[in-house]
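**Q** After the structure tokens below, expect a handful of questions from me.
Every read-out reported here was derived from the displayed coordinates using simple, explicitly stated rules and does not represent laboratory data. Just so it is clear, the model here is predicted, and its values are computed rather than measured. Here the Cβ is made from the backbone with ideal geometry for all residues, glycine too, and neighbour counts use every protein chain on show.
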Amino acid sequence: MDTKKEFFRMMREHSEIALATSFDNTPNVRTVNFYFDPDAKVLYFATFSDNTKVFELEKNTKVAFTTIPKHGTEHIKAKGICTKSSKTVYDLKEQLIGKMEGYRELIEDVGAFLVVYEIHFEKAQVVLTLENIDTYTL
């Protein structure tokens, strides 16, 4: 497997992650749309500013995520640090719209209420099949 090639392909093709947070020893997981910037090597997602995950991230910035497979079992899995971004949904508008159908309407309707977070991580597990797994270091 060309691990680097597969990592970037999946980050480009997949549009959702299962994002795991933890606060006060209580885990929480939810599905969020994302955009991965291949140059900055940062994963971005937007959420409503009054969302539970915002509260949880203020208390504990350590997260884990896995992309939601588009084909079979292929996915990316990683752990990292999640912080509020200086970017807005308007800064990432074209990238988000390019990845997710319906995002244009979401930004137009409620963009002012969305805050962007970024996940920084150093390595990720790349899973093509249960027998074909490797680690990619960014």
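**Q** Using only the alpha-carbon atoms, how far is helix 3-13 inclined from the longest principal axis of the chain? Give it as 0 to 90 degrees, nearest 10.
**A** 40 degrees
**Q** Per residue of the chain, what 222 nm ellipticity follows from adding -39500 (n - 2.57) for every DSSP H run with n ≥ 4, rounded to the nearest 500? Walk me through the intermediate numbers first.
**A** On the way: 4 runs with 34 residues, N = 138.
It comes out at -7000 deg cm²/dmol, rounded to the nearest 500.
**Q** How big is the charge dipole of the chain about its Cα centre, in debye rounded to the nearest 20, if each Lys and Arg gets +1 on its Cβ and each Asp and Glu gets -1 on its Cβ? Walk me through the numbers on the way to the answer.
**A** Values: 18 positive and 21 negative charges, 60 e Å.
Dipole size: approximately 280 debye.
**Q** Something else: Across region 109-126, in residue order, what do the Karplus-derived ³J(HN,Hα) couplings come to in whole Hz, using 6.51 cos²θ - 1.76 cosθ + 1.60 with θ = phi - 60° and x for Gly and Pro?
**A** Using θ = phi - 60°, the values come out as 7, 9, x, 5, 9, 9, 10, 9, 10, 10, 10, 9, 8, 9, 8, 9, 8, 10 Hz.
**Q** Among Asn33, Leu92, Ile17, whose Cα projects farthest towards the positive end of the dipole of region 3-137, with charges put on the beta-carbon of Lys, Arg (+1) and Asp, Glu (-1)?
**A** Checked the options; the winner is Ile17.
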